[in-house]
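Enquirer: The structure that follows is given in the form of structure tokens.
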Amino acid sequence: MKSARLRPPPAHALTDLAERLRRLAPSSRNPERFHEEKSEIVHALRLIAREVAHG
């Protein structure tokens, strides 16, 4: 039996991503972190879009 990967419902995941976007800002101490976080958010949004598109 395969174990299903537990993920929050898309609405919850989108709320979490919106909060991450709200806090997203460049930092002079770690400028790369802004781009890393942005890429992680984009990836998460694409996964949610794929999940919604394919049911």
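Enquirer: So which residues in segment 11-39 are touching a helix residue (DSSP H, G or I) at 6+ places or on another chain (Cβ under 8 Å) and in a helix (DSSP H, G or I), if there are any at all?
Expert: Of everything in segment 11-39, those that are touching a helix residue (DSSP H, G or I) at 6+ places or on another chain (Cβ under 8 Å) and in a helix (DSSP H, G or I) turn out to be ALA13, LEU14, LEU17, ARG20, LEU21, GLU37.
Enquirer: Kindly list, by first and then second residue, each pair from a residue in segment 33-49 that is small (Gly, Ala, Ser) to a residue that is surrounded by 11 or more Cβ atoms within 10 Å (Cβ to Cβ), limited to pairs with Cβ atoms under 8 Å and residues at least 6 apart or on different chains.
Expert: Taking only residues 6 or more apart or on different chains, the pairs are ALA44/ALA13; ALA44/LEU17.
Enquirer: Does ARG7 fit the bill of being modelled with pLDDT of 95 or more and open to solvent by 60 Å² or more (accessible area, probe 1.4 Å)?
Expert: No, not satisfied.
Enquirer: Are there any pairs, at least 6 apart or on different chains, whose C-beta atoms fall under 8 Å, with the first in segment 1-30 and more than 18 Å from ALA44 (Cα to Cα) and charged (D, E, K, R) and the second open to solvent by less than 70 Å² (accessible area, probe 1.4 Å) and modelled with pLDDT under 95, and if so, which?
Expert: Short answer, once both residue conditions are applied: none.
Enquirer: Just need a number here: residues in segment 15-55 that are open to solvent by 80 Å² or more (accessible area, probe 1.4 Å) and either within 15 Å of the chain's Cα centre (by Cα) or of a type in the set (Lys, Arg) (or both).
Expert: Going through segment 15-55 one residue at a time, the tally reaches 15.
The values are calculated or read from the model by the stated rules, or taken from the named source; none is laboratory data. Computed from a prediction, not measured in an experiment: that's the story for all the values here. Backbone-built Cβ (ideal geometry, glycine too); neighbour counts: all protein chains shown. Side chains are part of the model used for accessible areas, which takes the heavy atoms of the whole protein and leaves out ligands, DNA and RNA. Shrake-Rupley method; radii C 1.70, N 1.55, O 1.52, S 1.80 Å.
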